[in-house]
1. Got the B:Arg190 label distances to the other copies yet, label 7 Å along Cα→Cβ, in nm, shortest first?
2. Give me the dipole magnitude in Debye, nearest 20, for segment B:260-314 about the Cα centre, with unit charges on the beta carbon: positive for Lys and Arg, negative for Asp and Glu.
3. Write out the GluC sites (Glu not before Pro) in segment B:35-83 meeting two conditions: DSSP loop, and at most 13 other Cβ atoms within 10 Å of their Cβ.
4. In debye to the nearest 20, how big a dipole does segment B:132-314 give about its Cα centre with +1 on each Lys and Arg Cβ and -1 on each Asp and Glu Cβ?
5. Below 8 Å between Cα atoms, with a sequence gap of 6+, how large is the relative contact order for segment A:10-154 in percent?
6. Quick query: amide H of A:Val171 versus all other amide H atoms, modeled in the peptide plane; which residues come in under 5 Å with a sequence gap of 5 or more or a different chain?
7. Can you give the mean number of other chain Cβ atoms that lie within 10 Å of the Cβ atoms in peptide A:301-312?
8. If each residue of separation counts as 0.36 nm, what is the full-extension length gain between B:Glu56 and B:Ala307 once their alpha-carbon separation is subtracted?
2 protein chains.
Amino acid sequence: MSVGEQEAAAVPRDVREAYAYLGAVTERPTAQVWDLVDSVGPVAARDLIRDGRAGETLNAQAESRREHVDGAALLESAATVSARLVVPGDPGWPGYALAPLDRPRGRRRDGTGGVPTALRPLGLWWRGPADPATELGRSVAVVGTRAPTPYGRTVAADLSAGAAAEGFTVVSGGAFGIDAAAHRAVLGVRGTTIAVLAGGVDRLYPRGNDGLLREVAETGAVVSAQPPGTGVTRYRFLDRNRIIAALTGATVVVEAAARSGALSTAAWAAALDRPVGAVPGPVTSVASVGCHLLLRDRGAVLIGRTADVVELAGAMGETAPPPAGEATSWDGMDDVTRRILEALPTSGGAAPAEVARSAGIAPTTVRAVLGRLMSTGAAVRGPEGWRRSGDGGMQLSLPVS
Amino acid sequence: MSVGEQEAAAVPRDVREAYAYLGAVTERPTAQVWDLVDSVGPVAARDLIRDGRAGETLNAQAESRREHVDGAALLESAATVSARLVVPGDPGWPGYALAPLDRPRGRRRDGTGGVPTALRPLGLWWRGPADPATELGRSVAVVGTRAPTPYGRTVAADLSAGAAAEGFTVVSGGAFGIDAAAHRAVLGVRGTTIAVLAGGVDRLYPRGNDGLLREVAETGAVVSAQPPGTGVTRYRFLDRNRIIAALTGATVVVEAAARSGALSTAAWAAALDRPVGAVPGPVTSVASVGCHLLLRDRGAVLIGRTADVVELAGAMGETAPPPAGEATSWDGMDDVTRRILEALPTSGGAAPAEVARSAGIAPTTVRAVLGRLMSTGAAVRGPEGWRRSGDGGMQLSLPVS
């Protein structure tokens, strides 16, 4: 069964249309939209908002768009560029990755604090063959300035190609400079790269990267939280940076000036408890000032070579992968894998951070091992997070403990 | 009273001759030499060792040299290049700085552990007008590879000149490359720079830096733990690195290859609880590999400009120095200065680390403030460490607390 078929089976057409509507009717997801979806479901929520019966606040939030947005039309528009909308309930929906956006670290329980609450997007527009769940499970963001030095371009390309060769999906923002160097290098080694755009996936921006982004869409994916037809604005770039930080296992900044957008991606990664790495450069280079700031004052890890990226984003599983196939049986499984599998619920789902806490194993390791367990069928990722696969063979060899 | 007169007054000639002998009779100070000095004093210790009556172990340690070393001759030899021997008991003797060598961090109480015990030298041969106590109280080591890139040379020069302009003594090893760039830059801004050599202060090594080191000796100091006439060996370079780390408030590594001697200086600085900084560079540059190692794995602070050096080595006192003259009275003294002065003993002496613990103030700040208090006469540094000055004016305005 293909990913498309799975999704069709899991999420009815009208639910997907409803999410398309809900994700477009306000500029960003709001607490009121999510509250309504959580209480009455997406279809009823869509109907209430569209008909202006969703209460005063929501009516005001949706007022300018509620009669003009057409979820079905958006899905059709996406289909013309072979794009689809991945929504909660789809097997590929990265809910576990996006959930921390609702309550980033640094945000106090009373809602105050330095880090703004962002809220999960209501869906991700996805243009390309890459499967979200598979590809994001082992991924790293490589981002940086639009005006790099030849040094920065070279390092971005080397690290990205290297990470791709190690099986990582390289996620970036499709921009000129470091982003483009990262995407291009991954395409060069036939790896998987994903570009998260600030505008619609049907509007490959910037125009100068049209050819590059087309190739990314053909082999990996071009992704956006904004519906087809949406143009770019300054704040949509910042929203895009946040999505990049949330979707990936770690963020690496290659070159960044003092006020580079890449620093916002890094700040969000840190707020979402994702490791942040930065590539140093000459202290005389303005293009490295942002990276040195991250290294000096914000706890970023120094990244100098591919192995550093692998360690940052992928952790221990990398250096000692268990022999293929063994992860389908509890016997012969390494201790770390076993503890992670034991920590997984058999129904519902858990975020990697919960699994990590429960198993007493570093989150980066947990993410890497979960990706491997999924590839062997021992774990599955559902709308509520990760759970142990119901596979009987697994249960048979479960030790009494 | 000049420094020379003070020292002459404090330490009798025969004691100085004895230290000259004791520091030369074994290649390095040994626990047995120090034990004997501590129990019978330097003169008797010298006599016992010279006469072969110091016990089996010491006899063996000193066997090859005990009849050939002549302390008085060494002092005379030093005098021909206007050098002297600073010893315990001299006002300038940096005993507080050298003491941690006896028990570096990482060394367990039972004497085992990863960090070797080094032991304080029995004296420092000092060639130049710089006063040890004054100049080392506010100092930073700038070290690095003998084979730097033009970038490393430039950064070493900029940081060293900048630190000197901020009133720091810049200490280095007198070697080619980064060391020479550091010394030269400080001379260029008429600052104080000190070169610690692996061999005797009468043998300016390397020969190619003869002119530079001569100028350092004329304005700052050329220093060695080894007596005049001593040539260089590989392990004397390592001993020299240790002395540099001990004498300075912080160590900054500018460029260093993976196995550079500068990394040993940094490792010793860390073991002696001195802050370590490292200058990043291109990850493609082999000359920066050692610095990146320090930044990535060994907790070094990223250094990009002079202000970073000041913060590393000098701390808070820098940014808000109290108006000149006020430190002679408790009234009008800033809170930090006051707490440090109150923590000083009125007799005996205390190491900056003890003062820091007692006052609840960072050691780097304590060191900076002590230097200032000494310059105003409010604190003095004696053989047992720092103490409050007996000056009556100070006592008169001491608040009841």
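1. Nearest to farthest, the other copies are at 6.9 nm.
2. Numbers: 4 positive and 4 negative charges, 18 e Å.
In debye, rounded to 20, segment B:260-314 gives about 80.
3. Values: sites: B:Glu56, B:Glu63, B:Glu67, B:Glu76; in loops: B:Glu63, B:Glu67.
When the GluC sites (Glu not before Pro) of segment B:35-83 are filtered for loop state and at most 13 Cβ neighbours within 10 Å, B:Glu63, B:Glu67 remain.
4. Details: 17 positive and 14 negative charges, 89 e Å.
In total the dipole reaches around 420 debye.
5. Values: 148 pairs, mean separation 37.1, N = 145.
Dividing the mean separation by the residue count of segment A:10-154 yields 26 percent.
6. Those lying under 5 Å, H to H, from A:Val171 are A:Val140, A:Ala141, A:Val142, A:Ile194.
7. Numbers: counts 3, 12, 3, 10, 3, 0, 0, 3, 0, 0, 0, 0.
Shielding by partners across A:301-312 averages 3.
8. On the way: separation 251, 0.36 × 251 = 90.36 nm, distance 5.35 nm.
Contour length minus the Cα-Cα distance gives 85.0 nm.
Computed from the coordinates by the stated procedures, all read-outs in this text should not be read as laboratory data. In this text, all values refer to a predicted model and were calculated from it rather than measured experimentally. Reconstructed Cβ throughout: ideal geometry from the backbone, glycine too, with neighbour counts over all protein chains shown.
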